[in-house]
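Quick notes on the structure that follows.
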Amino acid sequence: MTQIQQNIPLRQYNTLGIDLLARYFAAFTSVEELSELIENNPNTGIAPLILGGGSNILFKGHVNGLVLKNDIPGLNIVKEDADHVYVKAGAGEVWHTFVQFCLQQNWAGVENLSLIPGCVGASPMQNIGAYGVEIKEVFEELEAFHVYDRKVHVFRAGDCAFGYRESVFKGKYRNQYVILNVTYRLNKRPAINTSYGAIEQELERMGVQEVTIQAVSQAVINIRTSKLPDPAKIGNAGSFFKNPSIDAALYGQLKKQYPNIVGYPNADGTIKLAAGWLIEQSGWKGYRRGDAGVHEKQALVLVNYGNASGQDIYDLSEDVMKSVHEKFGVELEREVNVV
């Protein structure tokens, strides 16, 4: 049996670099190990906390229960047809490793999601997205272990209730399932998407003559590395806040007051605003309070310059949200999961 350890530091397991302890800790690489660890949970009154890459989590303090690190491996083709290849990836696989695997085979669909931190298991949980693409567009199905009935359940796209950085695993089924693997539907015939953000400008700067999925991936990597801090150098969880959506009437009022406000129309008629722009206009970009701060290049990113506590980061996020609401009348929501 995999040994359950006690009082384990979690600093290396969260990209914000918060220094805290897990009362109990173990890693698993199979559903059998997972089942056994849950069976032997020393703290039966608290559901185990599942960790992947730790890139979308804020620990406010020590974890009194059992923390389980999902290290399930595997990249396997399960089927293919004339147009698609279906790849099953273990939840513990590093997301960007999976993206690179697809690029090497010339399978399209995830190139715009290059360099997103974290592991495969978090991709459907968050419905991760970037540069005009979301995971739901390539999602086929997943297998998840139910913590209470100890059975493996299959979820298709319709079962996941995908939304903007949302799914049933963050809401309705929060803390009830552990994602074991995800099957993705990749395209053999690429449909290149360069319309969002600065991809086209970056491709031009790179001198790309023929746009391939590999070129799009490199453009995304270049943009991300120029704007976002490396967690290995400065603790961060990427985009800390979601981009908020507001009704068209409020957007019209704000547009008169702030002509440079950034907004994109949603299918339902609402307007999605750029949270980073709102935060920057509220005066937070580059702000620092002790070792907690707002990144100097991208106001959407909160950073730990060394020894900020989770509470320090949380308190800063509260102040940012309050400030944006006072200035624009817009409610921000955290993208990271607060524990």
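General observations
- Evaluating 6.51 cos²θ - 1.76 cosθ + 1.60 at θ = phi - 60° for every residue in region 113-118, the Karplus couplings come out as 9, 4, 6, 5, x, x Hz, glycine and proline recorded as x.
- Amide H partners (placed H, <5 Å) of Val147, local residues excluded: Tyr177, Val178
- Alpha-carbon centroid distance for the pair region 56-122 / region 156-224, whole angstrom: 11 Å
- Length-normalised contact order of the chain in % [C-alpha pairs under 8 Å, at least 6 apart]: 17 percent
- Averaging the sequence gap over all C-alpha pairs within less than 8 Å and six or more residues apart, then dividing by the number of residues, gives region 71-158 a relative contact order of 19 percent.
- The ellipsoid that matches the Cα gyration tensor of region 165-305 has semi-axes, each √(5λ) in whole angstrom, of 26, 23, 22, with the longest given first.
- Rg in Å to one decimal, and Dmax rounded to a whole Å, for region 33-189 via C-alpha atoms: 15.7, 51
- Treating each Cα of region 6-70 as an identical point scatterer and summing with the Debye formula, the log10 of I(q)/I(0) at q = 0.13, 0.17, 0.22 Å⁻¹ comes to -0.32, -0.54, -0.89.
- Restricting the calculation to alpha carbons of region 222-331 gives Rg and Dmax of 14.7, 43 angstrom.
- Working note: Karplus 6.51/-1.76/1.60 with θ = phi - 60° gives region 83-90 the couplings 10, 9, 10, 10, 10, 9, 10, x Hz, where Gly and Pro are set to x.
- For Ala299, the shell of other residues with beta-carbons less than 11 Å away shows a net charge of +1, using +1 for Lys and Arg and -1 for Asp and Glu.
- For the residue pairs Lys151/Lys242; Lys255/Lys322; Lys69/Lys136, alpha carbon separations beyond 23 Å are given by Lys151/Lys242; Lys69/Lys136.
- Note on the chain: GNM, Cα springs under 10 Å; of Gln257, Gln126, Gln311, the largest mean-square fluctuation is that of Gln257.
- Protection proxy ranking, peptides 55-63, 99-107, 203-211, average beta carbon neighbours within 10 Å, highest first: 55-63, 99-107, 203-211
Read-outs throughout are calculated quantities, based only on the coordinates presented, and are distinct from any laboratory measurement. Since this is a predicted model, take the numbers as computed values, not measurements. Backbone-built Cβ (ideal geometry, glycine too); neighbour counts: all protein chains shown.
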